[in-house]
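Chemist: If you scroll down you'll find the structure; I have some questions about it.
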């Protein structure tokens with residue numbers, strides 16, 4: 001995510017792009033075994049034709065490899081519903097530095113024999129070995145998917161809407177994403193995507209996935225009514241049609257693309273208690289002033305409490321940040337109880 | 001589970017029973033931090049008073065410790081809905097053999113910094129260190145819980161009912177347990193629990209947990225109608241009232257207790273592809289003949305494909321199994337693509 005995959009000095013870049021074969025897929029269990037260089041979107045298409053979905057999805061899906069997703073422990077847009085790769089990855093094949101092939105490619109749903117060595121490689125970013133094959137559990141394709149897109153007056157209301165949402169949508173809530181007004185402005189300016197709701201300081205995308213379309217629409221409707229009448233949300237639109245669902249998702253998924261048209265981007269992927277997250281964006285804007293064209297915040301409220309959003313200062317030109325500012329940023333991040341994380345970028349790596 | 005926690009020769013038994021304090025509970029996030037000796041049932045009561053539930057539940061809950069649950073990577077009755085401890089355990093404090101205290105007691109929902117060392121201790125059964133504290137994510141208490149108890153004509157129908165059930169109940173399916181006729185007979189004989197349905201070769205318990213009682217009852221009703229009309233199930237009863245739900249669960253949860261009244265029990269906790277599981281019970285009955293009073297099979301169909309049921313040959317008296325029979329058992333188990341697992345028993349350990 002911060003260009004870790006871009007060679008600068010004497011790094012060795014290893015591509016697994018030619019290792020792009022599906023090894024097996026069990027249409028009863030949904031267990032997919034494939035080589036590490038398979039592109040996430042292609043795997044998604046492959047399992048969707050068989051009425052399953054991949055347990056992870058992310059903006060870079062068109063180019064990122066499943067091996068990189070696992071090596072970086074990518075969270076992504078389905079984390080809220082299907083959990084982390086630590087639960088859905090059933091097995092790995094890994095090549096160690098001395099050439100040893102570690103075969104942990106079990107496809108047992110529950111395998112309690114011995115230590116779970118594969119866990120060490122999930123998120124190890126290639127430092128312990130190269131992942132060459134992955135066994136992963138795919139959930140059945142949900143029968144009904146609904147998306148609501150909402151305008152929200154403040155970040156406190158974003159958080160309250162999330163709490164209300166969890167209570168009223170419960171088991172069918174599959175995504176909860178927010179973006180700020182600057183994100184929407186940049187997506188409009190560079191990609192000509194129009195906001196489907198009134199201009200607002202914040203926007204929220206809520207997705208439900210369930211087994212009964214009628215029940216799901218009823219739950220989502222009650223939630224919207226409650227959110228609007230209590231003033232948590234000032235405007236909203238709902239989609240069940242596949243194309244309209246895709247169009248609403250594009251507003252969120254294409255933020256990264258819009259930013260890349262806007263300037264040179266410094267990217268920070270951070271975990272902080274959600275209550276504190278947006279303060280960081282405000283502090284950075286004040287700190288950087290005119291040095292940054294834009295500082296934006298967006299992302300998912302992945303857990304019950306801790307967010308995994310993205311801060312994006314866009315600068316006017318690429319240059320190492322002045323020492324003073326880098327110090328400021330580090331203090332800003334370390335001041336909260338969370339951690340500042342620096343991740344590999346898009347292509348072969350998982351992007352969050 | 002096979003008496004691994006019972007000292008026989010020169011083992012050291014370390015009890016964490018006095019380390020029974022809750023360290024913290026966050027009522028927004030549901031993150032519980034507690035000492036390793038906390039009894040699972042007490043933790044359950046503690047979080048339920050705050051509208052959360054523990055992500056795991058098992059028959060031994062009244063005596064097992066959370067530290068033992070983690071050390072043995074206990075699956076339990078909520079595995080189907082809330083997944084494994086590898087996802088719900090957020091952090092651990094562990095004391096290594098040289099006295100080093102390893103503090104991985106984070107309570108971040110997503111912490112991607114460095115290697116996820118705590119995973120090595122989940123399921124390591126004390127061989128790498130002693131777990132002294134646990135941080136675990138508790139899901140919100142579901143608003144509606146329904147249980148159906150069904151009679152089923154054969155094991156093939158049990159599996160087909162499971163497939164139908166997953167399709168029709170989807171996201172609200174929280175447990176699917178089966179037991180054979182001998183289990184029901186022993187529960188009746190020793191504990192005086194009566195079957196709520198007609199005598200059948202197999203019985204199934206289905207539990208749903210959801211956010212809307214009306215929607216859930218409607219989904220469960222449609223499923224029952226379909227299962228009865230297609231002959232997959234021959235009789236059934238449904239409960240929403242808490243006491244009746246408890247009574248139906250008791251039939252499944254108290255099998256272990258009934259077996260202990262029946263004789264000396266050899267216990268095997270195994271993972272096999274579900275299609276093959278019950279063959280093992282039939283083969284064992286034929287092989288052991290009169291040497292065993294009963295050979296019973298029961299458990300949950302935890303994944304989409306692979307079961308984690310329990311086989312229980314009950315012998316007339318305790319004695320080492322004759323070499324011939326132990327060989328037979330090992331062959332029987334190793335013949336399938338699954339693994340024969342031998343687990344620690346109840347008290348301080350997790351029972352699956």
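No lab work stands behind these numbers, since they all come straight from the coordinates. Remember, predicted model here, so these are calculated numbers, not experimental data. Cβ placement follows ideal geometry from the backbone for every residue including glycine, while neighbour counts extend to all protein chains displayed.
Chemist: May I ask for the Rg/Rh ratio of segment B:39-98, computed from Cα atoms with Rh as the Kirkwood radius, given to two decimals? Write down the numbers at each step before the final one.
Modeler: Values: Rg = 12.0 Å, Rh = 12.2 Å.
Computed over Cα atoms, the ratio is 0.98.
Chemist: Rounded, prolate or oblate: pick one for segment B:144-254, where a ≥ b ≥ c are the square roots of the eigenvalues of its C-alpha gyration tensor, a/c under 1.5 means rounded, and failing that, prolate if a/b is larger than b/c, else oblate. Provide the component values of the computation, followed by the final result.
Modeler: Numbers: a/c = 2.08, a/b = 1.28, b/c = 1.63.
It comes out oblate by the Cα gyration axes.
Chemist: Between copies, how far does the label point of residue B:19 sit from its twins, in nm, shortest first, when each point is 7 Å from Cα along Cα→Cβ?
Modeler: Copy-to-copy label distances at residue B:19, shortest first: 3.9 nm.
Chemist: Continuing with the same structure: Let a ≥ b ≥ c be the square roots of the eigenvalues of the Cα gyration tensor of segment A:106-195; is it rounded (a/c under 1.5), or, if not, prolate (a/b larger than b/c) or oblate? Numbers along the way, then the final one.
Modeler: Numbers: a/c = 2.47, a/b = 1.78, b/c = 1.39.
Prolate, because a/c is 1.5 or more and a/b exceeds b/c.
Chemist: Let me ask something else. State the Cα centre-to-centre distance between segment B:245-286 and segment B:141-196 in whole Å.
Modeler: For segment B:245-286 versus segment B:141-196, the Cα centre distance is 13 Å.
Chemist: Across peptide A:205-218, what mean number of C-beta atoms from other chains lies inside 10 Å of a residue's C-beta?
Modeler: On the way: counts 0, 0, 0, 1, 2, 5, 9, 9, 0, 2, 8, 2, 0, 3.
Partner Cβ neighbours, averaged per residue: 3.
Chemist: Calculate the length of the line joining the C-alpha centroid of segment A:10-73 to that of segment B:121-138, in whole Å.
Modeler: If we compute the Cα centre of each part, the gap is 31 Å.
Chemist: From the Cα gyration tensor of segment A:1-155, with a ≥ b ≥ c the square roots of its eigenvalues, which class applies: rounded if a/c is under 1.5, or else prolate if a/b is larger than b/c, or else oblate? Let's see the in-between values first.
Modeler: On the way: a/c = 1.73, a/b = 1.22, b/c = 1.42.
Because a/c hits 1.5 or more and a/b fails to exceed b/c, segment A:1-155 counts as oblate.
Chemist: Shifting gears a bit: Placing a label point 7 Å from Cα toward Cβ, how far apart in nm is residue A:214 from its equivalents in the other copies, listed shortest first to one decimal?
Modeler: Going from nearest to farthest copy, the values are 1.2 nm.
Chemist: What is the mean number of Cβ atoms from other protein chains located within 10 Å of the Cβ atom of each residue in peptide B:120-126, rounded to a whole number?
Modeler: Values: counts 5, 1, 5, 7, 3, 2, 0.
If you average over the peptide's residues, the count of other-chain Cβ atoms is 3.
Chemist: Output, in nm with one decimal and in ascending order, the distances from the residue A:41 label point to the matching label points of the other copies (7 Å from Cα along Cα-to-Cβ).
Modeler: Result, one decimal in nm: 5.5.
Chemist: Based on other C-beta atoms within 10 Å, arrange A:276, A:252 from fewest to most. Kindly include the intermediate steps, with their values, before the conclusion.
Modeler: Values: A:276 14, A:252 24.
In increasing order of surrounding Cβ atoms, one gets A:276, A:252.
Chemist: Next question, about the same structure. Within a 10 angstrom radius of each residue's Cβ in A:166-172, how many Cβ atoms of other chains show up on average? Whole number is fine. Provide the component values of the computation, followed by the final result.
Modeler: Numbers: counts 2, 3, 2, 2, 11, 14, 7.
Per residue, the average neighbour count from other chains is 6.
Chemist: I would also like to ask the following. Under 8 Å for C-alpha pairs, at least 6 residues apart: give me the relative contact order for segment A:144-255, rounded to a whole percent. Mind dumping the intermediate values first?
Modeler: Working: 183 pairs, mean separation 52.0, N = 112.
So the answer I get is 46 percent.
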